[in-house]
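The next block holds one structure in the form of structure tokens; read it before the comments.
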Amino acid sequence: MQVIQEYTVPLEPFINYDQAQIKRKELRAFNLFWAGFILYTAAFVLFTANPYYLILNKLQLVGLFLIAIGTISLIQFKIENKYLRGMYILYCAWLLYTLSRGMQFDRVFLFSAVFDAWFGILPYFVPIVLLFPKNIYYLKKVFTTIIILGIVFVIYSVQYRGQLLTFGADITSQTIMEFFSKTLAIPCGFLIITYIYHSKTRRILAFSIVIFTLLLAVVRGRRAITLMNVSYLLIFYITYLYVNKVKFITVVLSLFLVGIVAFAGFKFYSANKKGAFSLITGRIDEDTRSAVEICFYDDMKTKDWIIGRGLMGQYYCPGVDEATAENNFTDYRNMIETDYLNIILKGGIVSLGLLLLITIPAVIKGVFYSKNILSKAAGAWIFLWVLDLYPATVYTFTLNYVLVWISVGICYSRTIRSMPESTIKEIFSGKG
């Protein structure tokens, strides 16, 4: 009885599910937010491939306007968990402090800050989604957004197939590969680890996009993207075994089958490592980060490690970036490919520490103290994102990172973690 009284959000609105209980104002706000997000993201990714199409920046502005309107209508300054509330306030205050140390108002800075979804100022505002209503009905909008961006990824991949399949150390094609996959395709991993809530069509589409991205990453030698997609498939496999309560003998047989497939894959790779897989072969043991990280360690002082160097923080690293006709690079870099160090560069260990103090407990609550796959998948997504901070750039204004904060809200909600699986399936199977 005491446990029931501790719930700050009653279970009844979820159990007695009815679309009439969904506030129309909130529904419209979510529609605006996700429509704006799709527009901004699709335009941003296309702009990375066509930086001279300035019309795309105007579409990004429209997208940001819709996002802002939706956000203003959705914000609720109410966080039930006291620990999360305290840490969240500290973290947001520190983010604002980091932004204030380097904010400029010249045209070049503002252009990059607004239109660069990866390295601008927008990633610092992503935690705001934690203040959105926690009704899981609205997650249906997130799932739809993932599918739409996945379809956009397929369309863009077909349109730019020449660049995506270009072999060799071509910087432009590598950039297109990175931005296309990490911004548009990666969120499909969340769909396959929550597969029990989706239709057969969505499952097939999401799974196909993950496999396609994985194969493309292998062929192009993109190790971080390869590991990210393999991890989603692994979590999917674990989820499948858990959901279906697979017997021990079945697990052993399935692992045996996986071993056979892996062996066959290795043989196929060995036969083609000088052909289609030449890039990944050459990059398997290639060290592309040590030189940059050494520069970072040498240039950072004790104070910099603790509080960072602010939004425009840089470090001295000569000889890494080459100047071109389009870019006048200097010996100072304002980012580092190892993302946890990038967070430290801007906001110091304080910023990284506060982020981990929020996310790690969320992982534990979601994975080990929940009764449904949604919460466990949310915890797994946060965990994988934290791991990805080392090999990949994931602290960005992308759906991948937005899903992290949505997952944080799920994992800290005792109501959602305690919801029966059948109730969640009922909500997601409804129309709307």
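What follows draws every value from the coordinates through simple rules; no lab data is involved. These numbers come from a predicted model, not from an experiment. Here the Cβ is made from the backbone with ideal geometry for all residues, glycine too, and neighbour counts use every protein chain on show.
Structure values in brief
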item: Set of the stretch 55-91 residues, backbone N closer than 15 Å to the point 7 Å along the Cα-Cβ line of V114; result: 55-69
item: Förster-model FRET efficiency, 25 Å R0, Q314 and L90, C-beta, rounded to 0.05; result: 0.45
item: Separation between Cα centres of the stretch 109-174 and the stretch 45-95, rounded to whole Å; result: 13 Å
item: Cα centroid separation - the stretch 216-242 against the stretch 377-432, whole Å; result: 18 Å
item: Theoretical gain in end-to-end length, M103 to S429 [0.36 nm per residue, Cα-Cα removed]; result: 112.8 nm
item: Peptides 28-35, 46-53 ordered by average Cβ neighbours within 10 Å, highest first; result: 28-35, 46-53
item: Cα-Cα over 18 Å, subset of K23/K141; K141/K365; K58/K346; K78/K134; K78/K346; result: K141/K365; K58/K346; K78/K346
